[in-house]
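The values are calculated or read from the model by the stated rules, or taken from the named source; none is laboratory data. Please read all numbers here as calculations on a predicted model, not as lab measurements. As a convention, Cβ positions derive from the backbone with ideal geometry for all residues, glycine included, and neighbour counts pool all protein chains shown. For the accessible areas, the whole protein counts, side chains as well, though only heavy atoms, and no ligand, DNA or RNA atoms are used. Shrake-Rupley method; radii C 1.70, N 1.55, O 1.52, S 1.80 Å.
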Amino acid sequence: TQTALTVSGNTTIGGNLTVNGTTTTVATSNMVVSDNLIELNNGASSNANDSGIVIERGNADKPFIRYDESEEKYKLATGSFP
């Protein structure tokens, strides 16, 4: 049985929080991360996919930082992404 959980107001969760699913959305104005490392592609068994960060800019091309696996180089560019 699946049950939806909705929480309003300030909420504190002690301990670890695990979220399983294909999409996790964080809707916030500012996000603060106290860790000094952010890991992308955790659990990958190969290096077949590029990884990076895309910045949303509405209808304009989006800037991105990526690691290109085929060239083993970092790239800065703009483009359109889904």
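Evaluation of Ile13 against the conditions (1) within 23 Å of Glu69 (Cα to Cα); (2) of a type in the set (A, V, I, L, M, F, W, C); (3) at pLDDT 90 or above shows that the sole unmet condition is (1). Residues of the range 49-80 that are of a type outside the set (D, E, K, R), closer than 25 Å to Asn20 by Cβ and open to solvent by less than 80 Å² (accessible area, probe 1.4 Å): Ser51, Gly52, Val54. Of the residues making up the range 16-48, those that are open to solvent by 100 Å² or more (accessible area, probe 1.4 Å), within 21 Å of Arg66 (Cβ to Cβ) and not polar (S, T, N, Q) are Met31, Leu37, Ile38, Glu39.
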